[in-house]
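Bear in mind that the values in this text are calculations on the coordinates, not laboratory data. Keep in mind the model is a prediction, meaning the values are calculated, not measured. Glycine also receives a Cβ, built like all others from the backbone with ideal geometry; neighbour counts cover every protein chain displayed.
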Amino acid sequence: MKLRKLLKLCVFLVLLALLLLSCEPEVKTPSGLNRNPLKGQDNESQYTQASAENKLSFPQDHLPHKDYRHEWWYLTANLQSDTGIRFATQWTLFRTADNRAHWYFAHGALADTKVHLASFRQGREEFANVTITEEPFSAAIDDWLWQSSAAQLPSKLLPSELLPALLSYGAARSDDEAWQVKLSLATESSFFLQGEQGYSKKHQREAIASHYYSQPFIDVEGKILWQGQWLNVTGSAWFDREWGSAMLAQDQQGWDWFSLRLSTDKALMIYRIRSSEQDFIYGSLMHSDGNIDILDTNDIKLISHVSDTLDYPYAFDLQVEKQSIGLNVDLRVAVINQQQIMRFGIEYFEGMVSFKGTHVGEGFVEMTGYVN
């Protein structure tokens, strides 16, 4: 008798579980994920386009811009453990609209000079696994969290400011190799508006552009879980914030983007958008006192070094000369870890680099459009 009741109970629980699963919302990825969503699409007119008339305003522009098709919050950091090991880490939160449905994707990675570990999160606010708040600013997707440290903010700053902040992310699922990143981020510099006061062109002729600002002078301290051990780390981080509705023209394949710390008070950003017709090159030199020098295309020369055995260039020769500001840069920029490839939907390379020549230092390179 007891056995019969137990069997009935088991059957009931199984049926209940199946019923609950059938009620779960189906998680679908955007229909454009298998093509390049950064290029202009047929339904592009339903989204706001980046314009030089739009003026950036803080802290409001730290928050989502849902009338644009794409945007991202992007942080990379060069770290060193107290035992002398070099690390690189990435945290990115993407938002993309697909017929006005807003999807969020988060990419996280941690690497030393040989090994690269990465993980992925996705969701929607409607699924209750994505939350972005204003006061204090926070961006959460599942268990990953950027939380502004409101209690640490000077009184002159608003509680919705982006920095200082606490950032935590990593792999917590059974099918991932365990790694974790927990960082404290702080800066004394203001944000730098790229291009024309935050209006960043991406093409010589077409109206391909975004709104773009950066913060390359972020001090980092915290700890990471690496190969079963918690390590204390310190270093420097670089934050980029960008939004728009068409990031690439049809003749453009992808970009090579560089963030290079020339010294403790100077940071060089260069990007080249590769094209079947004419490459588009942009650069800026940012100073920790808040000044920024915008570089002309003719100021920059960039040569890639490739190998038949690698999908991505392994090094670059970079020359930047602008006599009006006394800038002379001649560098060999080398990729340190060829494994730093992100393979979540659209594949891209995001990894640490070192450079030597007129300056010696480290930074990051992002390379897109070489694969699929």
Local electrostatic count, Q339, Cβ distance below 12 Å [Lys/Arg +1, Asp/Glu -1]: -1
Spherically averaged projected area of segment 214-279 from its Cα convex hull (nm²): 7.0
Relative contact order, percent, segment 59-368 [alpha-carbon distance under 8 Å, six or more residues apart]: 13
Sites matching GluC sites (Glu not before Pro) across segment 87-149 that sit in DSSP coil, with at most 16 neighbouring C-beta atoms within 10 Å: E134
Dipole of segment 185-256, positive end: most advanced residue of Y213, W230, A246 [Cβ charges, Cα centre]: A246
For segment 157-241, alpha-carbon Rg over 2.2 N^0.38 Å: 1.45
Estimated distance in nm for a label pair at Q253 and Q339, the labels positioned 7 Å out from Cα along Cα-to-Cβ: 2.7
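Determine one quarter of the surface area of the Cα convex hull of segment 241-336, which equals its mean projected area, and express it in nm² to one decimal.
Quarter of the Cα hull surface area: 7.7 nm².
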Under 13 Å, Cβ to Cβ, from P164 - net charge with Lys/Arg +1 and Asp/Glu -1: -4
Aspartates and glutamates whose Cα lies under 14 Å from that of K202, excluding same-chain neighbours fewer than 8 positions away: E242, D251, D256, E277, D279, D296
Quarter of Cα convex hull surface for segment 59-368, i.e. mean projection, nm²: 16.5
Local electrostatic count at D265 - Lys and Arg +1, Asp and Glu -1, tallied over other residues with Cβ under 14 Å: -2
For segment 60-136 versus segment 268-290, the gap between their alpha-carbon centres in whole angstrom: 22
